[in-house]
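Every number here is computed from the coordinates shown, using simple stated rules; none is lab data. Quick caveat: nothing in here was measured; it's all calculated off a predicted structure.
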Amino acid sequence: MDKRELELLEKYVPQDSELKRLWEDHQLYGKQLEKLEAKPFLTPSEEQQARELKKQKLEGKTKLVALLDVYKKKDQ
């Protein structure tokens with residue numbers, strides 16, 4: 001995320017529950033992925049879990065960026 005997006009998150013997360021949920025989910029998926037990717041070897045189950053986490057993280061980020069775009073236009 002770029003600096004502007006992080007500033008918007010800081011500003012609007014306290015008042016937008018959807019934005020807050022999406023941001024928290026994004027961070028959670030990132031931490032879970034880091035944990036998996038830190039392992040020297042992944043089982044097939046863990047590989048599947050990593051793929052699902054990446055998919056969920058990307059879907060969430062798409063929604064998050066769409067919401068942030070609304071706020072960017074509002075702040076102009």
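Could you work out the relative contact order of the chain, using alpha carbon pairs under 8 angstrom and six or more residues apart, expressed as a whole percent?
On the way: 34 pairs, mean separation 30.8, N = 76.
It rounds to 40 percent for the chain.
Within the set Lys31/Lys74; Lys20/Lys73; Lys3/Lys39; Lys3/Lys61; Lys35/Lys61; Lys20/Lys72, which residue pairs have Cα atoms separated by over 25 Å? Write down the numbers at each step before the final one.
Values: Lys31/Lys74 31 Å; Lys20/Lys73 19 Å; Lys3/Lys39 30 Å; Lys3/Lys61 15 Å; Lys35/Lys61 19 Å; Lys20/Lys72 16 Å.
Table pairs above 25 Å Cα-Cα are Lys31/Lys74; Lys3/Lys39.
Can you give me the three principal axis dimensions of the stretch 6-45 from its C-alpha atoms, in Å, biggest first?
Taking max minus min along each principal axis of the Cα atoms, the stretch 6-45 gives 41, 18, 9 Å.
Just subtract the alpha-carbon distance of Glu37 and Asp75 from 0.36 nm times their residue separation and send over the number in nm, one decimal. Each step should come with its number before you reach the end.
Working: separation 38, 0.36 × 38 = 13.68 nm, distance 3.76 nm.
Between Glu37 and Asp75, full extension yields an extra 9.9 nm.
Please quote Rg/Rh for the stretch 3-75 to two decimal places, taking the Kirkwood radius as Rh and restricting both calculations to Cα atoms. Walk me through the intermediate numbers first.
Details: Rg = 14.6 Å, Rh = 13.3 Å.
Ratio of gyration radius to Kirkwood radius for the stretch 3-75: 1.09.
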